[in-house]
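Taken together, the values in this text are just the output of simple stated rules run on the coordinates, not laboratory data. In this text, all values refer to a predicted model and were calculated from it rather than measured experimentally. No Cβ is skipped: glycine too gets one built from the backbone with ideal geometry, and neighbour counts run over all protein chains shown.
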Amino acid sequence: MDGSSAAGGPNWLGLLQWSLAHSDGTSDTKAEHMSEEDKEWLANVLKESVKNEADRLKEIYADIMKIVDDKALATDRTEAILDEMEELRDIVEQIDMAQIFAKFGGVVCLSHLFSIDSLPLEIKTLAASTIGTLAQNNPAVQQIMLEQKSVSLLVTKFMECLSAPNPVLKLAEKLTYAISCSIRNHLPAERAFIDAHGAAFLHAALLTQHVPLVTRVFFLTQALLSSDGASLRDVQVLCGEVMPVLLPYFALPTAEPDVQLREVAAQLLLAVLHTDMGWAEFGVGRPCHADFRAAMQTLREQATEDVDHTGRLVAEIVAASQARTILHPRPAVAAAAATTTFSSSSSTTTTTTTTTTTTTTASGAAAPVAADSSAGPEPVLRIAPPELDASSSIP
């Protein structure tokens, strides 16, 4: 492969990448005329080392498709394929390259690898990781995957991993990463996932109690609850699965601390408390508030690092438990609330809407007062939580 681009000119991007890889810029170099020998050497370098990445994608795609077609991989080819797939993952970190690879069937090609029983686990986990890299923060790839129903295939393989006599938890983790990257911040994909797989996926994952997998699932659930497109039904599905198991993860034995898990669980709990369903479960005076209070005390006591950050997070969670707050109003309801006019004797047409008033308790918490429900859905009322110091006691 030469150093020319597809358009026939020099491959400047490839040359830049090669130059950066072979010089760190920390030593002085002197500019001088190149000898014929140096010119010949540079020409050989460009020919052998500088690659057109779009062409390279096609080459790797062809090698992977050969494995898919043969449904096997020669033992002596394992290391070479692993190297190629790592190279592929590096290339598709570029948004444009990811879109090119997805458009000519790259996601489907990688997904076929999960069905070849004889393939080493390392290749399958790397395939799942590469799919996640392809889709993450890349709406064009996420849309392609939605149209190809790729997420449903990933969920199917995830369920197979967990239902096996010996669950393949390492691959399940990477598939969760791929699923998460494929749907987050893409509202149609989020909705399709929750409607088709949400409850079953969360239930199966949380049953494993496998800390790395649960951490990824908590992160995904928090993102879905905080999404602008989250509906009441979405909240019911997601909270219904995570609320019964959430608090115990704050009380893991100190001998087995997992800082990342507790951090993600705390962020998820905050998102849950910003929903009607979560507040009704964990809010002040609610059924599980005593367990909630104990969990927060444990979280604070076990904060061995970054105590200030954990204290602020605990204070924010506790504040959310004291005040009824809604994270995201449904757009239609919010619009109705913003344009409402109240009836008067001088108006010929009026629009009525349900309103909610609040009272403030002695502790400063805002409590909702029941309102007339005859006028349709309740508009969202945002209530600022009381100010709490990070060192204040858990109420």
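For this structure, a couple of remarks:
- Taking the criterion of being buried (at least 17 other Cβ atoms within 10 Å of the Cβ) and over 20 Å from Val151 (Cβ atoms), the residues of the stretch 101-133 that qualify are Leu119, Ile123.
- Candidates Glu173, Glu160, Glu122 - the one that is in a helix (DSSP H, G or I), acidic (Asp, Glu) and under 29 Å from Leu247 (Cβ atoms): Glu173
- Qualifying residue in the stretch 110-128 (condition: under 13 Å from the mean Cα position of the chain (by Cα) and among the charged types (D, E, K, R)): no
- All positions within the stretch 62-81 that are surrounded by 18 or more Cβ atoms within 10 Å (Cβ to Cβ) and either in contact with a Cys (Cβ under 6 Å, 6 or more places away or on another chain) or assigned to a loop (DSSP other than H, G, I, E, B) (or both): Ile64, Leu73
- Considering Glu241, Glu263, Glu190, Glu281, the condition of being touching a Cys at 6+ places or on another chain (Cβ under 6 Å) and not hydrophobic (A, V, I, L, M, F, W, C) is satisfied by Glu281 alone.
- Some residue of the stretch 144-151 being free of Cβ contacts under 8 Å to residues at least 12 places away in the same chain, farther than 22 Å from Leu73 by Cβ and in a helix (DSSP H, G or I): yes
- Counted residues, the stretch 225-246 - those being under 19 Å from Leu207 (Cβ atoms) and hydrophobic (A, V, I, L, M, F, W, C): 7
- Number of the exception - Val141 against (1) surrounded by fewer than 20 Cβ atoms within 10 Å (Cβ to Cβ); (2) closer than 30 Å to Thr208 by Cβ; (3) within 18 Å of the chain's Cα centre (by Cα): (1)
- Of Glu86, Glu147, all but one fail to be over 21 Å from Ala54 (Cβ atoms) and acidic (Asp, Glu); the exception is Glu147.
So that you can scan it fast, the table gives a plain yes or no per residue for (1) buried (at least 21 other Cβ atoms within 10 Å of the Cβ); (2) within 22 Å of Cys239 (Cβ to Cβ):
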| residue | (1), (2) |
| --- | --- |
| Leu154 | yes, no |
| Pro165 | no, no |
| Leu169 | no, no |
| Lys174 | yes, no |
| Ile179 | yes, yes |
| Ala192 | no, yes |
| Ala199 | no, yes |
| Ala205 | yes, yes |
| His210 | no, yes |
